[in-house]
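The block underneath contains the structure these notes are about, expressed in structure tokens.
The values are calculated or read from the model by the stated rules, or taken from the named source; none is laboratory data. In this text the structure is predicted, and so the values were computed from the model without any measurement. Positions of Cβ are backbone-derived with ideal geometry, glycine not excepted, and every protein chain shown enters the neighbour counts. Please note that ligands, DNA and RNA were not included when accessible areas were found on the heavy atoms of the full protein model with its side chains. Shrake-Rupley method; radii C 1.70, N 1.55, O 1.52, S 1.80 Å.
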Amino acid sequence: MCGIAGLLKFDGSEADPNLLGKMIARLSHRGPDAHGIHAAGSIGLAHSRLSIIDLQCGAQPMSTGDGRLWITFNGEIFNYLELKEELLNKGHHFATHSDTEVILHAYREYGEDCVNQFNGQWAFGIWDTAARKLFLSRDRAGVRPLFYTETARGFAFASEIKALLACPEVPREVDPYGMDQIFTFWVPLPPRTAFKNIRQLPPGHSLTIQNNCVRVKQYWSMSFEPDECLQRRGEHELADNLLDLLHDATRIRLRSDVPVGAYLSGGIDSTLTTALVRRIVHDRLRSFSITFDDREFDESRYQQEASSFLGTQHSNISCSHDDIVQVFPEVIRHAEQPVLRTAPAPMFLLSRLVRDSGFKVVLTGEGADEVLGGYDIFKEAKIRRFWASNLDSKWRPLLLKRLYPYLRELQRQSAANLKHFFRVSEEDLASPFFSHLPRWELAARLKLLFSPDFRREVGEYDALAELEQTLPPDFGVWTYFNQAEYLEAKYFLPGYLLSSQGDRMAMAHSVEGRYPFLDYRVIEFASKLPVNLKMKVLNEKYLLKRCCGGLVPASILRRRKQPYRAPDGRCFFDAGAPAYVQDLLSPRSVEETGIFDSKAVGAIVNKFTAGKAGSVRDDMALVGVLSTQLLATQFTTQNREQAELCKQQTSSVKSGVFS
Amino acid sequence: MQTTDIEREIRSFLITTFLFGRDEQLRDSDSLLGNVIDSTGALELVAFLQERFGINVDDEDVIPDNFDSVKSVVSYVVKKRGSES
């Protein structure tokens, strides 16, 4: 795993190696083992390396023997051995054992279509010296990040935004539309980000620049066409097919020249991937997990059960309120976008445990809920439609209460009230976003916190209308269940789970996550399954559970699904919370940043201070405001004094509080 | 306590609790449920009414007839105070 960066000048000037050095230095957490820069005329590529495959010869930027193609690459091509075999048969010669060189030769052989042959998680840039063409690509699911920006003088790309902000001509301003999207969908809609003029290459897309012309192309997307051959197979056979695929997806994800560990959350998905690793690797496996002091969130009992059952050597890190508050500024510096929950913070602590245990690579169960029908939001949408088909039913709305037993507020609601909250009107039923309306509506209420000036900047912008325009043409013919899966896997998965909670938190400590459930063969197989095998009535991940016999303890298979959550807003109001919290929420600081209304923020703060906050809305408001304030102070040109204070506090965290 | 005082306190609670102090967002014509009070908030309103006005809100009373506008909440409180005093 690594950090990448690059510059391509349009104005006849040369790519500055010093600037490339500054850009890549900002990504040294992603690749602490080595740095490399290749600058030649208008093009410059840079790389910071975390050595995982071919430790001796995999240095980057790397070129073909004739010097025609140059690459800077972050990620893994898991099927590189098979691809290399094919390329050898076609007469290619290799100088290293790395997957990086396989990309170069695959590009030479297949051109831009080479990405269709890759099974992996990648972000890379290839410079074709002869064609004077820059080619960028990002993996199908969006595991690895890739940002870019265009200025009058040229084009720049990098693994993280902070490297682009090292370029003096790049503006350091928050994007009002990006913010509007985050405070609706929880994520910006690619290519937008939280920053003006900084774009992300959407998952499954490639970008080429030739003759100063930038072209972006989608090479892959999730699709849900029914497959007759697959529909004819019985459940038993399909479960076998799925398990075989997952086994192979895991097997190729163990390709590494350094040891691979596993996250164990206590749920089905990570237990299954860990069990599959155990079937393949016979050495003692190391596993890692987070435990919470706060029992409401803690899953340690199930983590221990999974570890004992699978015979792993298990380590965990305990996460307190104070831990979350202490690391939160660093978490946002890595996430580079506002978050509405603190859940990334424990993932930051977990990756530190992994690194301190001497590991660079972990397998996790991420992605199973999206592709195999695990989330409550799918179940909720199913129940809402079921209820809407007979709105007078007395018992149908009760299913919603059963779905969220931990939401106490819900339990006392009348059916008539639930109708309002769960959006079951004719108009709602006709919306392509039916499944996600309650969630997005709750988040969008936080926009009431925006200051009058910021609201003016947002103007009449309608994020839902923009999203509707980007839906694929066949979206309307998919089943409702598939539509919900698409929205979740296309936006929330890469925009939040794989980034703010995934890549960024892991790479903060130079740890690479690998996700067997996000092998594109698994995604494509799952997208062809009949939806009633994903969720049978209200039994989530039905087919996946059928694969788990003997691999996952019965207690974990039977337990009620617990969404991963962490203590939120109230953490920041415990006695002894660091000064940055009050400082950034103060009227002076809020007004200086200008995004939120200081009186509105004051109302939230007072509620927490008085111990009267406690709803999901209050938590999201507080975390959303604080993370935005942190982002603005750390990355934009506003609020310099606060940035200095935050920096001092963060460096004190690094230097000892957690050692 | 006058009805106007009750109404003022209820409005103030709704604005502070659900609208982050944005008073222009509370329009008399709007339905409260779904627009002002979200799914997590109805019980906050119930707790407030019980605590502030000393009434007992039964589960079966938490319905749109009583909670869908500022006026209906005020009428409900006035009625309950009358019947419980």
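Rundown of residues vs (1) part of a helix (DSSP H, G or I); (2) within 30 Å of A:G602 (Cα to Cα), yes/no style:
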site	(1), (2)
A:E441	yes, yes
A:F454	yes, yes
A:Y461	no, yes
A:D503	yes, no
Just name the residue that is nearest to the other protein chains (Cβ to nearest Cβ) out of those in the stretch B:2-16 that are open to solvent by 10 Å² or more (accessible area, probe 1.4 Å) and in contact (Cβ under 8 Å) with a residue 24 or more places away in the chain.
-> B:F13
Just one of (1) out of contact with any strand residue (DSSP E or B) (no Cβ under 6 Å at 6 or more places or on another chain); (2) surrounded by fewer than 22 Cβ atoms within 10 Å (Cβ to Cβ) trips up A:K534, so point out which.
-> (2)
In the stretch A:387-414, the residues that are within 9 Å of chain B (Cβ to nearest Cβ) and among the hydrophobic types (A, V, I, L, M, F, W, C) | A:L407, A:L410
Would you be able to say whether some residue in the stretch A:305-326 is open to solvent by less than 20 Å² (accessible area, probe 1.4 Å), closer than 29 Å to A:Q200 by Cα and touching a residue at least 40 places away in the same chain (Cβ under 8 Å)?
-> yes
Pick from A:D619, A:D574, A:D583: which is touching a residue at least 12 places away in the same chain (Cβ under 8 Å), farther than 24 Å from A:L399 by Cβ, within 14 Å of chain B (Cβ to nearest Cβ) and open to solvent by 10 Å² or more (accessible area, probe 1.4 Å)?
-> A:D619
Would you check which residues across the stretch A:42-67 are over 27 Å from the mean Cα position of the chain (by Cα), buried (at least 21 other Cβ atoms within 10 Å of the Cβ) and either at pLDDT below 75 or of a type outside the set (V, I, T) (or both) and list them?
-> A:G44, A:M62
Take the residues of the stretch B:17-42 that are touching a helix residue (DSSP H, G or I) at 6+ places or on another chain (Cβ under 7 Å), surrounded by 19 or more Cβ atoms within 10 Å (Cβ to Cβ) and assigned to a helix (DSSP H, G or I): which is farthest from the other protein chains (Cβ to nearest Cβ)?
-> B:T17
Can you tell me which residue in the stretch A:549-571 is surrounded by the fewest Cβ atoms within 10 Å (Cβ to Cβ), limited to those that are among the hydrophobic types (A, V, I, L, M, F, W, C) and not in a loop (DSSP other than H, G, I, E, B)?
-> A:A554
What is the one condition in (1) modelled with pLDDT of 90 or more; (2) under 18 Å from A:P338 (Cα atoms); (3) within 14 Å of another protein chain (Cβ to nearest Cβ) that A:G602 does not satisfy?
-> (2)
Reported set for the stretch A:422-465 where residues are open to solvent by 50 Å² or more (accessible area, probe 1.4 Å), in contact (Cβ under 8 Å) with a residue 40 or more places away in the chain and more than 24 Å from B:G41 (Cβ to Cβ) is A:P452, A:D453, A:E457
What are the pairs, 6+ residues apart or on separate chains, where a residue within the stretch A:97-124 that is aromatic (F, W, Y) has its Cβ under 6 Å from a residue that is part of a strand (DSSP E or B) and surrounded by fewer than 23 Cβ atoms within 10 Å (Cβ to Cβ)?
-> none
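Pick from the stretch B:43-60 the residues that are open to solvent by 30 Å² or more (accessible area, probe 1.4 Å) and more than 8 Å from chain A (Cβ to nearest Cβ): which of them is nearest to the chain's Cα centre (by Cα)? Break it down stepwise before answering.
Applying the first criterion (open to solvent by 30 Å² or more (accessible area, probe 1.4 Å)) to the stretch B:43-60 yields B:43-44, B:47-48, B:50-52, B:54, B:56, B:58-60.
From the residues that got through so far, the ones that are more than 8 Å from chain A (Cβ to nearest Cβ) too are B:47-48, B:50-52, B:54, B:56, B:58.
Working: B:A47: 10, B:F48: 8, B:Q50: 10, B:E51: 12, B:R52: 11, B:G54: 13, B:N56: 13, B:D58: 14 Å.
Among them, the one singled out is B:F48.
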